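A.B. asks: Before I ask anything, here is the structure I am working with.
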Amino acid sequence: MVTITNIVYLISASFFILGLKWLGSPKTARKGNFLSMLGMLIAIVVTLLDKNILDFTYIIAGLIIGAAIGAYAAKTVEMTAMPQMVALFNGFGGAASALVAYSEYVRVGGHMPLDVSITLVLSLLIGVVTFVGSLVAYAKLQGLMTGAPITFPGQKFANGILLLIALVLGGFFVAEPAVPTFLLVIIGVALVLGITSVIPIGGADMPVVISLLNSYSGLAAAMTGFVLSNNVLIISGALVGASGIILTNIMCKAMNRSLANVLFGAVGTADGGGTGAKKDKAEVTQYTAEDAAVVLDSARSVIIVPGYGLAVAQAQHVLHEFAELLMQKGIKVRYAIHPVAGRMPGHMNVLLAEANVPYDMLYEMDQINDDFQNTDVALVIGANDVINPAARTQKDSPLYGMPILNVDQARTVMIIKRSLSPGFAGVDNELFYDPKTMMLFGDAKEMVTELVKEIKNI
Amino acid sequence: MEGILVSLYIFVLAIFVGFEVITKVPPLLHTPLMSGSNAISGITIVGALISAGAGHNQLAKILGLLAVITATINVVGGYMVTDRMLEMFKKDKSEQKR
């Protein structure tokens, strides 16, 4: 039976890997997710046949409660709220790993080999930090607490000390596994560490944090796998750990920041930055939707640059209608997606897909950046920092070095924005004052609706 | 000590496989990738099932129950929301009319 179980686990692990591979193309992605689901299902079924299981009461209760909550959350969540949803699911994964590890300790007792006690400590530490950190990330993204960084003097030092304490206590536990007190204190320290390590991170940096927590939840599962000597946990945990690290890295690169800077830099304070183009405040020319409609009507190619402001205003659907209208007039329309558009990796693509924008109209930054110079109109909606030319030129700007969309190279730049207020990084944008820029002040949804109306009138 | 070494081999090799497979996923699909891989990390549910059902230690079983609940939320929620998102990714209009 043990052999059969392990063979099924091996099949599960293969399904997970193949499923992730199929996620590499939008054509096969759904099939891939289904395969992964199947892998999970067979792993669960074969585990239920385990002869160590004597009582199914708690199992059935747990499965029903968990499935109901999970299904309800998955069905009802708004696509704009996807980052906090993923954060929350991550947190539960981390919590589950920590709970399993501790339960195993309670069950087996203090007599355990060195490798088990070491991975037990790591599983608890990572699992609890993932859980609490995810809850904080959720609260920040959901607006339950301020998105601005919360800092106090000596914060980094305090976090370092906490981690050190946890590791030293871990050492004590490994030396004396019969004493559960060490483990309980480690859990307490991890609870605090999960909070203090995430509160200093600003709302705009949350994509990085979510990716990192994703990676942690995988590592926690892998560590629990070591505790249980269960290879499917180890493989799956490693896959997820790797995935989270890759996404973290991509997000950091897209913001031109190091991971250390994101985690400890506390960027996004109200008085941060502001050095940019403050030379002599040139006048901004304000245009109406009618002016913009005339320019758009005579354009041959348009690139739309959506930012998170678009999603906040719920303007995706009317934007799609707008794009269709232009295409009916024979205008070439494409969307340029910056890697950090939205609140998590790939978020903007999902938001546009929800509005029925076909995915072959969505272009990554590297695919489309050279095309801006041959484009008549670049229409920017709810984006700011990712199009700020200061990132290229101004060495003293906090944005300097961040890869941006070459919106300024288009013949005409249209920017729909509520006001002149700077973006998350707190930096002014010289593009607003460029003579070829048409500023359209207003709510994204209302403005695009007006554009649609005006274009129809022409 | 033999067992832990084999597990360590598996762990390291799986990380390499993960890097290879996941670097090929385009940014277009990064959100579904994240929620989908998130669901995979819910594999810890197999450990949770054993904790909740095996042995006679009440504390271990209650911890197991909590683990089953949290892991199931992670698995069911993760896969369902991923499917919901992937369903929305359509190539052109002909596919949109369903």
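A.B. asks: Against the condition within 22 Å of B:Ala14 (Cα to Cα), at pLDDT below 95 and not assigned by TED's automatic domain parsing to the domain that holds A:Leu362, how does A:Ile4 come out, does it pass?
C.D. replies: It is true that A:Ile4 is within 22 Å of B:Ala14 (Cα to Cα), at pLDDT below 95 and not assigned by TED's automatic domain parsing to the domain that holds A:Leu362.
A.B. asks: For region A:409-434, how many residues meet the condition of being under 21 Å from A:Pro398 (Cβ atoms), modelled with pLDDT of 80 or more and among the aliphatic types (A, V, I, L, M)?
C.D. replies: Of the residues in region A:409-434, 2 are under 21 Å from A:Pro398 (Cβ atoms), modelled with pLDDT of 80 or more and among the aliphatic types (A, V, I, L, M).
A.B. asks: Then there's this: Of everything in region B:30-55 that's among the β-branched types (Val, Ile, Thr) and under 19 Å from A:Ile59 (Cα atoms), which residue is modelled with the lowest pLDDT?
C.D. replies: Ranking the qualifying residues of region B:30-55, first place goes to B:Ile50.
A.B. asks: Which condition from (1) over 30 Å from A:Val312 (Cα atoms); (2) without any contact (Cβ under 8 Å) to a residue 12 or more places away in the chain; (3) surrounded by fewer than 16 Cβ atoms within 10 Å (Cβ to Cβ) is the one that A:Leu144 breaks?
C.D. replies: (1)
A.B. asks: Does at least one position in region A:61-77 carry a residue that is surrounded by fewer than 22 Cβ atoms within 10 Å (Cβ to Cβ) and either touching a residue at least 12 places away in the same chain (Cβ under 8 Å) or more than 9 Å from every other protein chain (Cβ to nearest Cβ) (or both)?
C.D. replies: yes
A.B. asks: Considering each of A:Ala277, A:Ala293, A:Ala266 in turn, give the residue that is buried (at least 17 other Cβ atoms within 10 Å of the Cβ), more than 18 Å from A:Ile387 (Cβ to Cβ) and at pLDDT below 75.
C.D. replies: A:Ala266
A.B. asks: Additional query: Among the residues of region A:174-188, count how many are under 21 Å from A:Ser134 (Cα atoms) and either in contact (Cβ under 8 Å) with a residue 40 or more places away in the chain or under 26 Å from the mean Cα position of the chain (by Cα) (or both).
C.D. replies: 2
A.B. asks: Any idea which residue in region A:1-37 is surrounded by the fewest Cβ atoms within 10 Å (Cβ to Cβ), counting only those that are in contact (Cβ under 8 Å) with a residue 40 or more places away in the chain and not in a helix (DSSP H, G or I)? If you could, list the steps in order and put the result at the bottom.
C.D. replies: Filtering region A:1-37 for residues in contact (Cβ under 8 Å) with a residue 40 or more places away in the chain gives A:1, A:4-6, A:9-10, A:12-13, A:16-17, A:20, A:26.
Filter again for not in a helix (DSSP H, G or I), leaving A:1, A:26.
Working: A:Met1: 9, A:Pro26: 19.
Only one residue fits best here, namely A:Met1.
A.B. asks: Which ranges mark the helices (runs of 4 or more DSSP H) fully within region A:278-391 that have 3 or more residues being in contact (Cβ under 8 Å) with a residue 24 or more places away in the chain?
C.D. replies: Working: elements: A:289-297, A:308-312, A:316-328, A:347-354, A:365-368.
Ranges flagged: A:289-297, A:308-312, A:316-328, A:347-354.
A.B. asks: Answer yes or no as to whether B:Ile4 is over 17 Å from A:Lys31 (Cα atoms), surrounded by fewer than 18 Cβ atoms within 10 Å (Cβ to Cβ) and facing another protein chain (nearest Cβ under 7 Å).
C.D. replies: For B:Ile4, the condition - over 17 Å from A:Lys31 (Cα atoms), surrounded by fewer than 18 Cβ atoms within 10 Å (Cβ to Cβ) and facing another protein chain (nearest Cβ under 7 Å) - is met.
A.B. asks: Against the conditions (1) more than 7 Å from every other protein chain (Cβ to nearest Cβ); (2) in contact (Cβ under 8 Å) with a residue 24 or more places away in the chain, where does B:Tyr79 fall short? Just the number, please.
C.D. replies: Among (1) more than 7 Å from every other protein chain (Cβ to nearest Cβ); (2) in contact (Cβ under 8 Å) with a residue 24 or more places away in the chain, the lone unmet condition for B:Tyr79 is (1).
A.B. asks: Tally time: how many residues in region A:84-112 are over 23 Å from A:Ala190 (Cβ atoms) and either more than 7 Å from chain B (Cβ to nearest Cβ) or outside any helix (DSSP H, G or I) (or both)?
C.D. replies: 1
A.B. asks: Shifting gears a bit: Would it be correct to say that A:Ile404 is outside any helix (DSSP H, G or I) and either touching a residue at least 24 places away in the same chain (Cβ under 8 Å) or closer than 18 Å to A:Leu319 by Cα (or both)?
C.D. replies: So A:Ile404 fits the description; yes.
A.B. asks: Facing another protein chain (nearest Cβ under 7 Å) and at pLDDT 85 or above: which single residue out of A:Ser197, A:Ser229 fits that description?
C.D. replies: Step by step, each of A:Ser197, A:Ser229 is checked, and only A:Ser229 is facing another protein chain (nearest Cβ under 7 Å) and at pLDDT 85 or above.
To keep it simple, each residue is scored yes or no on (1) in contact with a helix residue (DSSP H, G or I) (Cβ under 6 Å, 6 or more places away or on another chain); (2) in the same structural domain as A:Leu431 (by TED's automatic domain parsing); (3) within 18 Å of B:Asp92 (Cβ to Cβ).
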residue	(1), (2), (3)
A:Leu319	yes, yes, yes
A:Leu326	no, yes, yes
A:Ile331	no, yes, yes
A:Ala336	yes, yes, no
A:Ala341	yes, yes, no
A:Gly346	yes, yes, no
A:Ile368	no, yes, no
A:Gln373	yes, yes, no
A:Ser397	yes, yes, no
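A.B. asks: Still on this structure, please answer the following. Of all residues in region A:163-181, count the ones that are surrounded by 19 or more Cβ atoms within 10 Å (Cβ to Cβ) and hydrophobic (A, V, I, L, M, F, W, C).
C.D. replies: Result for region A:163-181: 3.
A.B. asks: A further question follows. I'd like to know if region B:13-36 contains one or more residues that are in contact (Cβ under 8 Å) with a residue 40 or more places away in the chain, surrounded by 20 or more Cβ atoms within 10 Å (Cβ to Cβ), β-branched (Val, Ile, Thr) and within 30 Å of A:Met348 (Cβ to Cβ).
C.D. replies: yes
The values are calculated or read from the model by the stated rules, or taken from the named source; none is laboratory data. Note that the coordinates shown come from a computational prediction; the quantities given were computed from them, not determined experimentally. Glycine gets a Cβ as well: all are built from the backbone with ideal geometry, and neighbour counts include every protein chain shown.
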